[in-house]
1. In the list Arg129, Arg143, Arg151, which residue meets the criterion of being under 18 Å from Val189 (Cα atoms) and of a type in the set (D, E, K, R)?
2. Restricting the stretch 171-201 to residues that are of a type in the set (D, E, K, R), in a strand (DSSP E or B) and over 22 Å from the mean Cα position of the chain (by Cα), which is nearest to Ile127 (Cα to Cα)?
3. Could you list, in sequence order, the residues of the stretch 134-163 that are of a type in the set (S, T, N, Q) and part of a helix (DSSP H, G or I)?
4. Checking the condition open to solvent by less than 40 Å² (accessible area, probe 1.4 Å) and at pLDDT below 90, which residue from Arg206, Arg184, Arg176, Arg211 passes?
5. Among the residues that make up the stretch 121-131, is at least one of them under 27 Å from the mean Cα position of the chain (by Cα), closer than 17 Å to His100 by Cβ, among the polar types (S, T, N, Q) and open to solvent by 80 Å² or more (accessible area, probe 1.4 Å)?
6. Scan (1) modelled with pLDDT of 90 or more; (2) farther than 20 Å from Leu79 by Cβ; (3) under 25 Å from the mean Cα position of the chain (by Cα) for the single condition Asp159 breaks and write down its number.
7. Is there a residue being among the polar types (S, T, N, Q), buried (at least 17 other Cβ atoms within 10 Å of the Cβ), closer than 17 Å to Tyr167 by Cα and without any contact (Cβ under 8 Å) to a residue 60 or more places away in the chain anywhere in the stretch 98-110?
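The values are calculated or read from the model by the stated rules, or taken from the named source; none is laboratory data. These figures come from a predicted structure and were not determined experimentally. Here the Cβ positions follow ideal geometry from the backbone for every residue, glycine too, while neighbour counts run over all protein chains shown. Calculation scope for accessible area: heavy atoms of the full protein, side chains included, ligands and nucleic acids excluded. Shrake-Rupley method; radii C 1.70, N 1.55, O 1.52, S 1.80 Å.
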Amino acid sequence: MIATTIVFAVMAAVLLFLSGWVIASSKAQSARLALEAQTSQAALRTNAPEAELESSKQLHTMLAPVVEREKLTLNLLNLADDPTHRDLPQLLDAIAEAGHFSTVMLSDDAGLPVATSTNIAASPDSIERLVAATSLMLIVADRADTNGEPRPLGFVVHDESNRMACYRIFEVDGARFILTVTARARQLVPSSLDPIVGQLEATLARPMEDRVSSLPPAKKE
């Protein structure tokens, strides 16, 4: 009888120990899971600024060309509203400065230069090269008109040196003119020069003596 009692007591003690161990183990596992969850949340909070920064950089890269075009449009619109640029050479210089263009040239309907910006003298884009390209743009526009297609008003050419040239054709009193600008590592579209066309038309509509032409001196052989 005494032996049986001892056995039951031992078994009860073992069961009590096992139940306590199971409870303690369960609590330890719960605590470990809670700690892992807190660690994961802390890691997410730590990485969140880096992820947001990377996302912001990607968005900035995607929107950069749009922002640049909008800035150019705004600069040219502000220039068009400025009454101080009355003579043609001054206006072309202002266009070059507003658009950060390496050259600005205004040509007649034969592709011959009427006036240029003063910075053309320091540019690798010679007048002869620009005249040849401008004449080609006029030929393309005339050919489209001959074939019954709407006449193009703007062209953009991107060459292998990463230079972009934008050509904008317009008319004043029945005479055609073409404005040519060049820039490197810039995003231009055929309508980039539209905001300044009205100012050019107003300047060219004035008497010849009021719009002094300006061409850089010819190079001496």
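1. Residue meeting the stated conditions: Arg151.
2. Of the residues in the stretch 171-201, the ones of a type in the set (D, E, K, R) are 171, 173, 176, 184, 186, 194, 201.
Narrowing the set further to residues that are in a strand (DSSP E or B) leaves 171, 176, 184.
Add one more test, that the residue is over 22 Å from the mean Cα position of the chain (by Cα), and what stays is 171, 176.
Details: Glu171: 22, Arg176: 19 Å.
Here the answer is Arg176.
3. First pass over the stretch 134-163, keeping only residues of a type in the set (S, T, N, Q): 134-135, 146-147, 161-162.
Those that are of a type in the set (S, T, N, Q) and part of a helix (DSSP H, G or I): Thr134, Ser135, Thr146.
4. Numbers: Arg206 fails: open to solvent by less than 40 Å² (accessible area, probe 1.4 Å); Arg184 fails: open to solvent by less than 40 Å² (accessible area, probe 1.4 Å); Arg176 fails: at pLDDT below 90.
The unique qualifying residue is Arg211.
5. Among the residues of the stretch 121-131, not one is under 27 Å from the mean Cα position of the chain (by Cα), closer than 17 Å to His100 by Cβ, among the polar types (S, T, N, Q) and open to solvent by 80 Å² or more (accessible area, probe 1.4 Å), which makes the answer no.
6. It fails just one condition, (1).
7. At the first step, the residues of the stretch 98-110 found to be among the polar types (S, T, N, Q) are 102-103, 107.
Among the residues that remain, those that are also buried (at least 17 other Cβ atoms within 10 Å of the Cβ) are: 102-103, 107.
Retained after the next criterion (residues that are closer than 17 Å to Tyr167 by Cα): 102-103, 107.
Remaining after also requiring without any contact (Cβ under 8 Å) to a residue 60 or more places away in the chain: none.
Looking for residues that are among the polar types (S, T, N, Q), buried (at least 17 other Cβ atoms within 10 Å of the Cβ), closer than 17 Å to Tyr167 by Cα and without any contact (Cβ under 8 Å) to a residue 60 or more places away in the chain, one finds none in the stretch 98-110, hence no.
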